[in-house]
Each structure stands twice: as C-alpha cells, then as structure tokens.
Amino acid sequence: MTDSHRLALVRGAHTAIYVVMSGSVFAILYAGIVGDNRPWLFVALGLVAVEVVVFVGSGMKCPLTAFVVKYGAPPGADTFLPERLTRHTLHVFGPLIVIGVLLLMARWLGVFQ
C-alpha cells in the first residue's frame, strides 16, 4: 500500500469520525434543549466523552492529524472536508458540548421541564 493510499484511508476515517462526532454534539445539544432522553442520547454522550479523553490525552490536538502529515497531507488537509469548516472545531464544538451537557443536567435535576 502506498503512502497516498494510506493518506486517503486516514483522511476518510478522520472525515467519518468528524461527521459522527459533529452529529453527536448536536444530538446532545438537541436533547438538552427539548428534553429528549432516548437511548441515542447516551450513545452520543459516550462518544463525546471518549473524544474528550482522546483530545485531552493528545494535548488538545487530534492524534489522526499526525498520521495525515506523516503520509504527506498539507497542513489543514486532515479530512476531506474544507479546512475552513474544520479549522475552528474546538472553538465551536467545545462550547456546544458544555451548553448541551449543562442543559441536560438542568433538565435531569428538574431545574426546568
């Protein structure tokens, strides 16, 4: 397998993970806003918890970025998504996670129904 094939595989996996994690963040936010506690919420919470542990353990950087650089990707090209979309991931999704979790906690504690 060539480096270009490896790069495509890692970028594809990274893109898929990005899409799933984005959906998970928005699912948590949605559940916090409307109070939906179906089983998918707990899957989303688990995925986001794992992602947070991975990011914190990697020094607030995605560990897959090192692989795409190793296989020859230019900076900012670690997924198949436009770099302008992924550039501010932590700054956008971090607060959304916090807001969603706080809303969920408030609902679960009965602050509002």
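Please find, among Val101, Val111, the residue that is within 15 Å of the chain's Cα centre (by Cα) and at negative phi. Before you say what the answer is, go through the steps one by one.
Working: Val111 fails: within 15 Å of the chain's Cα centre (by Cα).
Of Val101, Val111, the one residue that is within 15 Å of the chain's Cα centre (by Cα) and at negative phi is Val101.
Only one of Ala27, Ala8 is hydrophobic (A, V, I, L, M, F, W, C), free of Cβ contacts under 8 Å to residues at least 24 places away in the same chain and within 23 Å of Arg107 (Cβ to Cβ); which?
Ala27
Need at least 1 residues that are more than 24 Å from Leu7 (Cα to Cα) and either open to solvent by less than 60 Å² (accessible area, probe 1.4 Å) or modelled with pLDDT of 90 or more (or both) per element, so show me which helices (runs of 4 or more DSSP H) inside the stretch 27-113 make the cut, counting only ones lying wholly within it.
39-57, 89-108
The values are calculated or read from the model by the stated rules, or taken from the named source; none is laboratory data. From a predicted model like this one, the values you see are computed outputs, not experimental measurements. Using ideal geometry, Cβ is built from the backbone for each residue, glycine included, and neighbour counts are taken over all protein chains shown. In case anyone asks, the SASA skips ligands and DNA or RNA and just uses the protein heavy atoms, side chains included. Shrake-Rupley method; radii C 1.70, N 1.55, O 1.52, S 1.80 Å.
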